[in-house]
1. Residues in the range A:42-49: is at least one farther than 18 Å from B:Ala384 by Cβ, within 11 Å of chain B (Cβ to nearest Cβ) and either within 18 Å of the chain's Cα centre (by Cα) or modelled with pLDDT under 95 (or both)?
2. With respect to B:Leu118, determine if the residue is farther than 22 Å from B:Ile255 by Cα, assigned by TED's automatic domain parsing to the domain that holds B:Ser137 and in contact (Cβ under 8 Å) with a residue 40 or more places away in the chain.
3. Could you list all residues from the range A:125-161 that are more than 16 Å from the chain's Cα centre (by Cα) and polar (S, T, N, Q)?
4. Among the residues of the range B:234-260, what is the count of those that are surrounded by fewer than 17 Cβ atoms within 10 Å (Cβ to Cβ) and within 20 Å of the chain's Cα centre (by Cα)?
5. Which of (1) surrounded by 20 or more Cβ atoms within 10 Å (Cβ to Cβ); (2) of a type outside the set (S, T, N, Q); (3) within 13 Å of chain B (Cβ to nearest Cβ) is the odd one out, the single condition A:Phe80 does not satisfy?
6. Which of the following residues is open to solvent by less than 50 Å² (accessible area, probe 1.4 Å) and in the same structural domain as B:Arg236 (by TED's automatic domain parsing): B:Leu158, B:Leu71, B:Leu146, B:Leu57?
7. With the requirement that a residue be assigned to a loop (DSSP other than H, G, I, E, B) and not small (Gly, Ala, Ser), what does the range B:323-345 give you?
8. Quick check on this structure: which one of B:Ser296, B:Ser309 is in the same structural domain as B:Ile29 (by TED's automatic domain parsing) and closer than 18 Å to B:Val12 by Cα?
Amino acid sequence: MTTMNALETKSVIKTYQSDSGLISAVDDVSLTVASGEFVALVGPSGSGKTTMLSILAALLKPTSGQVLIDGVDLSGLDDFKRVNLRREKIGFTFQANNLVPYLSAVENVELMLRLNNKLDKAGKLRARELLARLGLGERLNNYPGQMSGGQQQRVAIARALIHNPSLVLADEPTASLDTERAYQVVETFAGLIHEQNRAGIMVTHDLRMCEFVDRVLIMKDGKLTQILDDRADIRKLSSARN
Amino acid sequence: MKKISIAAYLAVKEIWKFRGRFLLVSLVIGLITLLVLFIAALGEGLGNGNREYLSKLAGELVVYQAKSDFLIPASRLDLNRYSEIKNVEGISDVGLLGTANSQLLLSGDDKFLKTALLGVEPGHVGEPKVIEGSQLSAADADEVILDRNVILRSSIQLGDTITIRVTQGTEDQIFTLKVVGITDGQQYALQPALFVPFFTWDRIRPKSQAEINFSDPVANVFIVKVDQPENVEIIRDRIEEEIANVETATRKEAIQALPGYSAQQSTLNTQGGFTLFIGILVIGGFFQIQVLQKISQIGVLKAIGSANSVVAWASIIQITMITIIGVAIGTGLTFLFSLSFPPQVPIVFNGTTTAIAIIALLLIGPLGGLVSIRYAVRIEPLKALGLSS
């Protein structure tokens, strides 16, 4: 039995028609992420990393190429099946407006179980335990408006993991946090991804956050230009001033 | 089912969390409800004041002089035709009706009440049933049956003698009549009505100089009751064939032809319609702004795997709840206000009219929300990442 990658892309291309001609936002990107692996997708703005993330998230269809999540080819799925796949197999955290403002911390986490029709007693207990592990045991019934940016991000992390997805996607999870909180959040995130054996991808422009990842994928002008998987190289990248 | 229950959960949670904001919209809907219900009640009240006597008639047909355009005051029918019409086959009863105005003097100072003075035939169709006292006794008795509205607006009681003032020729004449009966609401031409025997009516009604010496009494219209109500149209044709110079209207047509009646009702209906339209705009505007503010939030919900139907149902449930709460508040307010209105104000809350208005009000929510629901459904989950295709 061959080990199956949680995520695999083959020659993904995304082009846009603009006034000045055809633009390649993502240009021939092939990558794999295994379960239990946490990778960072970095690059300057306009490098195509967010577009790539949208394609991986089954939110955007590539112009050509293949995306497989748990071995399932996304190109064969209609919109309805894509929604189901996102709900069951993918966990998300976003840069801003992550949480539903009218649900408390624990309700936001439970929402993923509710959507998946899996909200039972055990699930409720797990949601509370997960939030407690993220240091939010005292904040279960707080609303997003009553929490700091870092706390909200941690709730989002709990929401992204609670339904045991294969793939966890994080878009700029540290964008609105100060350095100390950013380190804390990403460190906890990385710990949980390793521990729960998920495949994690974090898009970030903050190279310091790469300290906690297993691999760094660097994009430039839509192309995957460099892959760092050596610990020393990653450390060098994350400690450089940027 | 599962999707609807998730949608209901989200809808209720959001309303509860932002209850101040939602309550404000409910209050606006409540005020619109108050306005719509009052316009409907005013339409009912004014319409009722105009048609009450006619709509409560036991007869099905009203006979007018030909070419009178169904205008009761413009129609003149002499008693010869009255004896002819009695012989038309299929008619069970005919009554004379004469209409005029009079001033009812109230005790004490110079105060008076404007009333409709109606001449009817004792014991025949057209004479209203009393709810207290007795019917009129003879065709020329100095007796009167009072509309309940006269009692409400004066201190007159059963058995009293009332005084009316009319102008005959150039003189003001005073007549006294004994109150023998009181009937339920029987307003005519927006005035409370006095019912007197037909020949008494002919004697005491306002007259021009020429009419004073004219001895043959003339009625305005005849009220006809047919043997079998399902044959109304046949009898109607028969009357117009057999009697010279008459035209007949059904009770409904007679009401529609009352001076100003249709104009008044259509004005009020237009006002009510416009108020409902404003309600649609208010709800539509509010929910559209809500959706515009929630684009990225709805994007996140969709990105993490909420189906479009969940988003749509959540909107529908919210709009429906807000509308129902608003209409309930408005109905309650209307009820409280209605308790404080004096009998002179022509406001009548009729079950059917109110129910129709409430149903229309409940429909404005979903109608107003359609645009925003459509908009919410079209939001792309990509918005969660700040992108759009």
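1. no
2. no
3. Correct list: A:Asn141, A:Asn142, A:Gln146, A:Ser148, A:Gln151.
4. Residues meeting the conditions: 6.
5. For A:Phe80, the exception is condition (1).
6. Working: B:Leu158 fails: open to solvent by less than 50 Å² (accessible area, probe 1.4 Å); B:Leu71 fails: open to solvent by less than 50 Å² (accessible area, probe 1.4 Å); B:Leu57 fails: in the same structural domain as B:Arg236 (by TED's automatic domain parsing).
So the residue among B:Leu158, B:Leu71, B:Leu146, B:Leu57 that is open to solvent by less than 50 Å² (accessible area, probe 1.4 Å) and in the same structural domain as B:Arg236 (by TED's automatic domain parsing) is B:Leu146.
7. Those that are assigned to a loop (DSSP other than H, G, I, E, B) and not small (Gly, Ala, Ser): B:Leu339, B:Phe341, B:Pro342, B:Pro343, B:Gln344, B:Val345.
8. Just a single option satisfies the conditions, and that option is B:Ser309.
The values are calculated or read from the model by the stated rules, or taken from the named source; none is laboratory data. Small disclaimer: the values here were computed from a predicted structure and weren't measured. We place every Cβ from the backbone using ideal geometry, glycine too, and count neighbours over all the protein chains shown. Ligands, DNA and RNA are stripped out before the accessible areas are found, and what is left, the full protein with its side chains, is counted by its heavy atoms. Shrake-Rupley method; radii C 1.70, N 1.55, O 1.52, S 1.80 Å.
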